[in-house]
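Q: My questions all concern the structure below.
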Amino acid sequence: MVDEIERQLKATGERPLRREGVEFGKWVLLDYGHFVVHLFDEETRELYDLERLWANAPRVEIPETSPATGP
């Protein structure tokens with residue numbers, strides 16, 4: 001998943017400023033500066049419950065198709 005996210009974002013000119021956790025695979029963080037991507041295994045996601053911590057944050061809808069993925 002990390003490789004695919006990076007591949008598609010690179011196609012749009014986005015490159016991560018930081019990558020953390022790739023070697024462990026339980027929680028990967030890709031920091032693009034103006035947004036952050038978190039990838040968790042199920043156990044780690046339940047433990048940290050970021051959805052609860054960010055429950056009041058505005059949600060941004062991302063369309064299923066984008067310039068990176070095409071129609």
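What follows draws every value from the coordinates through simple rules; no lab data is involved. Computed from a predicted structure; not experimentally measured. All Cβ positions, even for glycine, are placed from backbone atoms using ideal geometry, and neighbour counts span all protein chains on display.
Q: Kindly write out, for the stretch 52-59 in residue order, the coupling ³J(HN,Hα) from the Karplus curve 6.51 cos²θ - 1.76 cosθ + 1.60 (θ = phi - 60°), rounded to whole Hz, with x marking Gly and Pro.
A: 5, 5, 10, 4, 8, 6, x, 9
Q: Another question about this same structure. Please give me the summed charge of the neighbours of Glu14: other residues whose Cβ is under 15 Å from its Cβ, Lys and Arg +1, Asp and Glu -1.
A: Computed value for this residue: +1.
Q: Anyone know which of Leu29, Leu53, Leu39 comes out most mobile in the 10 Å Cα GNM of the chain?
A: Leu53
Q: Continuing with this model, one more query. What is the helix-to-structure angle for 2-11, meaning the angle in degrees between its Cα long axis and the longest Cα principal axis of the chain, kept from 0 to 90 and rounded to the nearest 10?
A: 30
Q: Moving to a separate point now. Put +1 on the Cβ of each Lys and Arg and -1 on the Cβ of each Asp and Glu in the chain; which of Ala55, His38, Thr12 then has its Cα farthest toward the positive end of the dipole?
A: My answer, from the dipole projection, is Thr12.
Q: Which Rg and Dmax, in Å, describe the Cα atoms of the chain?
A: For the chain, the Cα radius of gyration and maximum Cα-Cα distance read 13.3, 36 Å.
Q: Right, another one. For every helix of n ≥ 4 consecutive DSSP H residues, a contribution of -39,500 (n - 2.57) applies; sum these over the chain, divide by its total residues, and give [θ] at 222 nm rounded to the nearest 500 deg cm²/dmol.
A: Helix contribution divided over all residues of the chain: -7500 deg cm²/dmol.
Q: Moving to a separate point now. Can you tell me the length gained on complete extension of the stretch Glu64 to Lys26, counting 0.36 nm per residue apart and subtracting the Cα distance?
A: On the way: separation 38, 0.36 × 38 = 13.68 nm, distance 2.54 nm.
Between Glu64 and Lys26, full extension yields 11.1 nm more.
Q: Give me the net charge of Trp27's neighbourhood, meaning all other residues with Cβ under 11 Å from the Cβ of Trp27; Lys, Arg count +1, Asp, Glu -1.
A: Residues close to Trp27 contribute a combined charge of -1.
Q: Further question on the same structure: What dipole magnitude, in Debye to the nearest 20, does the chain give about its Cα centre under +1 on Lys/Arg Cβ and -1 on Asp/Glu Cβ?
A: 320
Q: May I pose another question? At a Förster distance of 30 Å, what's the computed FRET efficiency of Val2 paired with Ala57, Cβ-Cβ distance as r, to 0.05?
A: With a Förster radius of 30 Å, E is 0.85.
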